[in-house]
Each structure stands twice: as structure tokens, then as C-alpha cells.
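Student: My structure is below; once you've seen it, I'll send some questions.
No lab work stands behind these numbers, since they all come straight from the coordinates. Quantities reported herein were computed from a predicted structural model and do not represent experimental measurements. Counting neighbours? That spans all protein chains shown, and the Cβs are built from the backbone with ideal geometry, glycine included.
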Amino acid sequence: MAKVHIGGLDLEVKQATLGFLKRKLIPARKKLAAAGEDDMPDRLAELVYCYLEGNEGVDVQWLLDALPADPAAIIRELIVASGQKVIEQKPGEAARQ
């Protein structure tokens, strides 16, 4: 199982399966997309927790304290570690598709 380093801990990352995507990741991404500015830190921590659930001592509250203010690099690392592909988009590319 792949690992990431957050908050001084080496944490195991859940492998992405269809069930994981359906039950955990897609609902978390929908909540993140609908979140207002005040809720964004909680939704980001919940998204990260989807990948790290089951690691001892790790919960959403711990992640709020351990994650950097911009967790994009860690989220990218989690995506890759789980076996998913990261699709790179250049600025303005999404608008042309």
C-alpha cells in the first residue's frame, strides 16, 4: 500500500476502487464543489480523510491541524498514491472543451 507523509506521520493511502469512488470520493467532491468559503477547510480535510481513513489517530480534526493552508500538492500525491490518474489542464483548456 502506498504512503504519504502528513503532519510528521507516514500514512497509508486507500486504493481507489469503484466502490471507494462511489461511496466516498464522489460524495466528498460534490460537497467540496458546493462549499462556501467558510466551509472550504472542513470540506478539504474531509476529502483528504477519504484517502486516509483507517490510519490510527487520523481524523478530520487532526487533518485540519496538520494540512497546510494550500493542500493541493498533498491531494495530488493522494490521487497518484491511490492509483488514479492526475489530468493536467493548462489555463483556459477546460473552457475550450
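Student: So if each residue of separation counts as 0.36 nm, and I subtract the Cα-Cα distance between Ala72 and His5, what length gain in nm does that give? Before the final figure, lay out the partial values.
Tutor: On the way: separation 67, 0.36 × 67 = 24.12 nm, distance 1.40 nm.
Extra length available between Ala72 and His5 comes to 22.7 nm.
Student: Under a Cβ-only charge scheme (Lys and Arg +1, Asp and Glu -1), can you give me the dipole magnitude of the range 1-71 about the Cα centre, in debye to the nearest 20?
Tutor: Numbers: 9 positive and 12 negative charges, 118 e Å.
With only Lys, Arg, Asp and Glu charged at Cβ, the dipole is about 560 debye.
Student: Amide H to amide H, which residues 5 or more places from Ile6 or on other chains are under 5 Å from it, using H placed in the peptide plane?
Tutor: Residues meeting the amide H criterion: Leu11.
Student: Between helix 72-81 and the chain, what is the angle of the helix's C-alpha long axis to the longest principal axis, kept within 0 to 90° and rounded to the nearest 10?
Tutor: The angle comes out near 80 degrees.
Student: Which residue, Gly8, Gln61, Val48, has the largest displacement toward the positive end of the dipole of the chain when charges sit on each Cβ (Lys, Arg +1; Asp, Glu -1)?
Tutor: The Cα lying farthest towards the positive end belongs to Val48.
Student: Stretched out fully, how many nm does the piece from Glu12 to Asp39 gain, at 0.36 nm a residue minus the Cα gap? Spell out each step's value before the answer.
Tutor: Details: separation 27, 0.36 × 27 = 9.72 nm, distance 2.61 nm.
Additional length available on full extension: 7.1 nm.
Student: What trypsin sites (Lys or Arg not before Pro) in the range 19-92 are in a loop by DSSP, with at most 12 other Cβ atoms within 10 Å of the Cβ?
Tutor: Details: sites: Lys22, Arg23, Lys24, Arg29, Lys30, Lys31, Arg43, Arg76, Lys85; in loops: Lys85.
Taking the range 19-92 and a limit of 12 other Cβ atoms within 10 Å, the loop trypsin sites (Lys or Arg not before Pro) found are Lys85.
Student: Still on this model: Which residues make up the longest stretch of the chain that has no GluC sites (Glu not before Pro) in a DSSP loop with at most 15 other Cβ atoms within 10 Å?
Tutor: Here the longest segment lacking exposed loop sites spans 1-36.
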